[in-house]
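S.K.: Next up is a structure, given as C-alpha cells.
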Amino acid sequence: MSELTDCFELNKTKLFEKIRNGLPIVQNTQNLLDCSDDLLFAWDGNESSLLVRNWRAPLMEAEQRAKVNYQTLIASIPIIQDIDRVTVSNECSLVALSGPRGVFILELPRRWGPDGYFKDGKEKITCRTYCLDSLLFQNNHLEVRQVRWHPNSVSDSTLLVLLNNNTIRVYNHSKLRHVWQVGPLTMIKGAKTSYTDFGEVAVDFDIAPATKPRSADLTAANESTLNQSNKTLGGKTAKQEKIEWPIVVLRENGNIYILLTSLDSDMTRLQGPITIKPQRMDNYGLESCSIMIIPSLPPTIVIAESNGKLHHALLMDAEAAEHSFNEVDDFILIEPAEYVIHVLETVELELGLSGASNTGPKDAYNCPIHLKRDIINELRYFAYHNAGLHVVTVSFISELQRYLDSESEEDRLELAASSRAEYVLCTKFDSSERINAVCGISLLQLPAGVVLLLASGQVISLKLVIDAQLLVAPNEKTQRASDVDQQESGPSFLDKIKGLLQRNVNQPILANKLSSASPHESYELLNQAIEVLREQYLKRHDLVRAEFAKHINQILLKKEQQLREIQDLEHEREIISEGAHKLAERFEEISDNQELLVRKCHSLMQKANTALPNSVVAEREFSQEVSRINKATKGMAADLETAKKMLNKQRYHIDKSQDELKNNVYQLPEKQHRTITEILTQLNGEIDRQITDAKRINKIVGV
C-alpha cells in the first residue's frame, strides 16, 4: 500500500487484517466503521464482535512488540443478524449495531491506562448488550432504514430507529419510550404493499436544530402530558422553556415531512409534504435515498438521489401555514406546514468512470448514495456509494454567514459561487457489473483525516485540509482583495499615470567610443536622441502634467463641495442639538408628570380597593391593622424624637455641672494635710496593735 493512499498506515494493522476475513460476500454500501475522539471502531462479521483501536497510538516497527494491537468487545448476547451500520453515541458511552432485521445496543466499559484503552488494554472484554424489540422483527417483516442518536439526550442513551412501516421508535437503553408515526402505517408480511409502489415509505431522516413552538395556544392534553413527565422525571413542577426538535423525514418519492416533538412527550405534530421551491415536475427526485441536515442558519438540507444528483436547499419559515393534500391514511393527522424548502442548486455526481461506448444516459449507473457530515468543517460533507467517495463543498453557507454577520444595511446577499464536488476515490472504472463498494467510512480529528474500508479489504486513509481558504497565500489574498477593490472603484489614478509614462523606446546611456565619430554621425545621433526625448519623454511628461492639472482641479472641486457639505452638516448638527435639548427638557417634564400620575393612580387604586363593597373581611381587618400600626409607628417616632431631645438636654446640663464641680473643689493647706496624714497613720498603727493583742488573748484563752 502506497503512503499516498494510506497516510495513517492503517492498512497493515492487525485490526483490518482480521476484518478482511469477515467482510460480506454480497457487496453493498455499508458503514462498518466509526470513530469517537481517538478510538476507531470496526465490526468483525466473522466473529460477530466489535474491534476497537487507538488510532493515535504510534505504530511500532514490529507490531508484535506493542502491548495491545486492538481490543475485542464481545456482546453478552449472541448477535445472529447481519450488521451493516456501526454508530457510536455522542459521548462514546454506547454503540448501536444495526442491521436490516434488528438493532443492538452495546455498553462500552470505562477507559484508563497510558494509551486510553478500555480496562487498561484488556484484549477481550464482554460488554452488556441489549436487543431492541426482537419479537417485533421476528413476527413482522420489518426492516431498519436509519438509526441516529438524539443530540438532546442527557444520559447519552436516546436512540431513534426508523422502520419501513413509517414509524420512528425512540429507545432509552433497552426501553421503548415512544412510537412516532411519520406516514401511513404499513404492516407488511412478505409482499410489498401499494404504499411501497407509490414511494410513500420513509427511507431516511435527520434531526434539525431545536426551535421554539410556534403555536401560541397549546392544547390542554399536551400541557398535562408535559407536566406529568416533568413530575416523573425531575420531581419538580417548575415551568421550563419548551423546545421542539424538528425531525426531517424523506420518503422515496422525494416528499419531505417534518415531525415536531420533544423527547419528554408523546404528542407529535406531523407537517407535510413540505412545499419545495422552485417547483418542478419530478419534485426533485423520484428515487430519493438519503437526507442530511447541516446546522447552518438557516438549516441546509441535502437530498440525495440514486442517479447521483444532490439537491442543496434551505429550510425556511413559511410566511403562512400551508395546507397539504389529504394523506393516504385517514388516521394520520397532518397539520398545515410551517416550513418551506428553497432549493438553491443541484450538484450531479459522476458515479464511476464509464467507457467511451457507454456514455449514453441509458447506461448511466445508479446506486444508493449515503451522506456523512464533516464535523470539522460545516461547509463540507461526504457522499459515499458503490462507486467510491465524493467530497462536496457547499459555498453558499459561508456567504449566508457573512451576510448575517454584516452590519451594513446596503449589503446584498449574492449566492454566485456554486458548490463543487471532488471525486476523491473511484472504485468503478469499467462498464461491468463488478463493484468495489465502500463498506466503512470514518472521520478522524487532530489530525483531520478520513478512513475508508472497501469491499475488497483495502483500507484508504487520507489527510484532510480543515479549511481550503488556508491554502491561499497571504500575498495572493492581498492581490485578490486589491483586484476586488479595483473592480468596484474602477482604474486608479496611479495606474493611469503609469500607463501614460510607459514608453515603447528607451533612451540608452551613451558611452565614448575608442575612435572619434565624424561630425555627421554625431549630428544624426544627436537628432535621434532629441527626437526620442521629445516623443517618449517630454511629450508624455506634458500629458502627465495635464492629467495632474485635471486631477488637481477635480480634487479642488471636491474639496469645495465637501467644505460646503461640512458647513451644511454643522448647521444641521446645531439644529439637531437644539432639538435634542428641547426634547430632553420635554422628556424630563413628561417623566415628572408621569411619576406624579403614577403615584396618584396607585393612591386611587388603593382607595378604590379599600372601598370595594365585595371586599373580604380579612382584607379589611388587615388594612385596618396596617393603618393602626402605621399610626402607632408615627406616634412612637414622635416620642422617640422627643426623648432624643430630652436626652441631649440632660447631657448638656450634666456636662455643665461636672465642669462647675471640677472648678469648685476645696484643697487643704499643706501643713494641715500633713498633720491629718500623721494622725491617721498613728490611728492605723494603734488599730493594728490592738488587733494583734486581741488575737494573742484569744489564742491564750483558747477561743
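S.K.: Could you list all residues from region 379-438 that are among the hydroxyl-bearing types (Ser, Thr, Tyr), open to solvent by less than 50 Å² (accessible area, probe 1.4 Å) and at pLDDT below 80?
M.R.: Within region 379-438, Ser406, Ser432 meet the criteria.
S.K.: Is there a residue in region 635-658 that is of a type outside the set (Val, Ile, Thr) and not in a helix (DSSP H, G or I)?
M.R.: Scanning region 635-658 turns up no residue that is of a type outside the set (Val, Ile, Thr) and not in a helix (DSSP H, G or I).
S.K.: Can you find even one residue in region 112-130 that is closer than 13 Å to Ser157 by Cβ, of a type outside the set (Val, Ile, Thr), in contact with a strand residue (DSSP E or B) (Cβ under 9 Å, 6 or more places away or on another chain) and in contact (Cβ under 8 Å) with a residue 12 or more places away in the chain?
M.R.: Yes, some residue in region 112-130 is closer than 13 Å to Ser157 by Cβ, of a type outside the set (Val, Ile, Thr), in contact with a strand residue (DSSP E or B) (Cβ under 9 Å, 6 or more places away or on another chain) and in contact (Cβ under 8 Å) with a residue 12 or more places away in the chain.
S.K.: Does at least one position in region 318-339 carry a residue that is at pLDDT 90 or above and either open to solvent by less than 70 Å² (accessible area, probe 1.4 Å) or more than 30 Å from the chain's Cα centre (by Cα) (or both)?
M.R.: Looking for residues that are at pLDDT 90 or above and either open to solvent by less than 70 Å² (accessible area, probe 1.4 Å) or more than 30 Å from the chain's Cα centre (by Cα) (or both), one finds at least one in region 318-339, hence yes.
S.K.: Working carefully through the options Lys607, Lys600, Lys558, Lys582, find the one that is part of a helix (DSSP H, G or I) and under 30 Å from Ile497 (Cα atoms).
M.R.: Going through Lys607, Lys600, Lys558, Lys582 in turn, the sole match is Lys558.
S.K.: May I ask you to verify whether Leu73 is in contact with a Cys (Cβ under 9 Å, 6 or more places away or on another chain), within 23 Å of Gly440 (Cα to Cα) and in a strand (DSSP E or B)?
M.R.: It is true that Leu73 is in contact with a Cys (Cβ under 9 Å, 6 or more places away or on another chain), within 23 Å of Gly440 (Cα to Cα) and in a strand (DSSP E or B).
S.K.: Same structure again: What's the number of the condition Leu185 fails, among (1) closer than 15 Å to Asp206 by Cα; (2) open to solvent by 10 Å² or more (accessible area, probe 1.4 Å); (3) not aromatic (Phe, Trp, Tyr)?
M.R.: Tallying (1) closer than 15 Å to Asp206 by Cα; (2) open to solvent by 10 Å² or more (accessible area, probe 1.4 Å); (3) not aromatic (Phe, Trp, Tyr), Leu185 fails exactly one: (1).
S.K.: A further question follows. List the number of the failed condition for Gly116; all other conditions in (1) on the phi > 0 side of the Ramachandran plot; (2) open to solvent by 20 Å² or more (accessible area, probe 1.4 Å) hold.
M.R.: So Gly116 meets the others, but not (2).
The values are calculated or read from the model by the stated rules, or taken from the named source; none is laboratory data. Predicted model, so just to flag it, every value in this text is computed and none were measured. All Cβ positions, even for glycine, are placed from backbone atoms using ideal geometry, and neighbour counts span all protein chains on display. Calculation scope for accessible area: heavy atoms of the full protein, side chains included, ligands and nucleic acids excluded. Shrake-Rupley method; radii C 1.70, N 1.55, O 1.52, S 1.80 Å.
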